[in-house]
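The values are calculated or read from the model by the stated rules, or taken from the named source; none is laboratory data. Note that this is a predicted model, so its numbers are computed, not measured. For neighbour counting, all protein chains shown are included, and Cβ atoms are generated from backbone atoms with ideal geometry for every residue, glycine included.
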Amino acid sequence: MDSQTVTSNSNIEMTRNNVSMGFPNRAQFYSSCQLQNFSMPDSIIFYISKNPSTSKFYKKMIQSCKCIFIKNPIIIVPSLCFDRRKGWHTQGNRPSKDRQNDRSVYLNKLTSKIWISDSLDVWGRTISPILSSFMPQIYQCDATTVFIEKQMFSFNNLMVIASKCVVLYLSIVVIINNDKVVSLEALFKVLPNVKRFT
């Protein structure tokens, strides 16, 4: 009879017929990639992989071909959060003892770019540039809900993270443009999609 062992911590291992299966590490993932023969020229495939139009389209591309992810490694997260205890994290869909329906996935040491599809929450302890220091990791932000508290960042960074925002919550925030603090009136002019502001 087949033996089956499931260990439920961060290292999940399944054994069936003496074959061990688990989550691949980076080297295993890259070694499992196979070259694809597309009906389009390589230059077009390269352009499509480097310039995805939407996060849903990019997700479908990387599900069908790992090589696309290798050419342009972007992690799509529905909700990106920062708090002083956990650092940068998102919610996964695997259960844990703290949350019955999901678990936190920590992104503090991530080397890939991040595409935020739904919401961004940044909660600081004191006014600090935590958001600004993470901006190079953000490929694109399609978040419609943005909550930022106790942060200092540039006007350009705000335009990247809130350009598609509908709900915007800013508390104890300093936004700087050309060494000057940006006024609320200026924010409303450049963020016309915002329906609710607090």
Considering only region 67-79, I want to know if a residue exists there that is under 15 Å from the mean Cα position of the chain (by Cα), more than 30 Å from Gln34 (Cα to Cα), in a strand (DSSP E or B) and at pLDDT 85 or above. yes
Among the residues of region 138-189, what is the count of those that are touching a helix residue (DSSP H, G or I) at 6+ places or on another chain (Cβ under 6 Å), polar (S, T, N, Q) and under 21 Å from Leu107 (Cα atoms)? 2
When you go through Ser55, Ser49 one by one, which is the residue that is in contact (Cβ under 8 Å) with a residue 60 or more places away in the chain and among the polar types (S, T, N, Q)? Ser55
Is it the case that region 10-23 has a residue that's of a type outside the set (A, V, I, L, M), modelled with pLDDT of 50 or more and surrounded by fewer than 10 Cβ atoms within 10 Å (Cβ to Cβ)? no
Those residues that are surrounded by fewer than 15 Cβ atoms within 10 Å (Cβ to Cβ) and out of contact with any helix residue (DSSP H, G or I) (no Cβ under 9 Å at 6 or more places or on another chain), I need them from region 47-56; list them, please. Tyr47, Asn51, Ser53, Thr54, Lys56
Residues Asp102, Asp42: which one is surrounded by 14 or more Cβ atoms within 10 Å (Cβ to Cβ), of a type in the set (Asp, Glu) and either outside the structural domain of Ile130 (by TED's automatic domain parsing) or modelled with pLDDT under 85 (or both)? Asp102
